[in-house]
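For reference, the structure discussed in these notes is given below.
FYI, it's all coordinate maths here, none of it is from the lab. Source: prediction; values computed, not measured. With ideal geometry, Cβ positions are generated from the backbone for all residues, glycine too; neighbour counts draw on all protein chains shown.
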Amino acid sequence: MSAHSETKHRIVTRFQRHLANPLSRRLPLQTVLETTGRTSGLPRRTPVGGRRVGDSFWLVSEFGLKSHYVRNIQADPRVRVRIRGRWHTGTAHLLPDDDAVARLRGLPRLNSAAVRAFGTDLLTVRVDLTD
């Protein structure tokens, strides 16, 4: 990762971790991805932007394998997703061969614009919902 990308990653993740995510998680209609912490084993909730298509939920991680929730998925792909205030269980799949930029065109515009603007290593994630 270039020095510019590393700096960008550090600034954006600090803002998200300390300000944006704590506020967003509390919004009742905010979509939230819940993973299991790979070290702690505790539930970890991350506000995300994405879209449900049939029995799948699609999102794009802006920092790919550097995102903590992606690393949690690698350790345990069982997740929950809160969509429109209702929790759904599922299994997450990382799709490095998917065209993440093209995928963003089909996802909510505001979030997609932010992911494109701030992201340094886009990675598509699909959650196969079981309920």
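Among 77-86, 121-130, the peptide with the highest mean count of other Cβ atoms within 10 Å heads the list, and the full ranking is 121-130, 77-86. The simple spin-label model puts a point 7 Å past each Cα toward its Cβ; for Leu42 and Ala117 those points are separated by 3.2 nm. Modelled label positions at Leu65 and Ser5, each set 7 Å beyond Cα in the direction of Cβ, lie 1.2 nm from each other.
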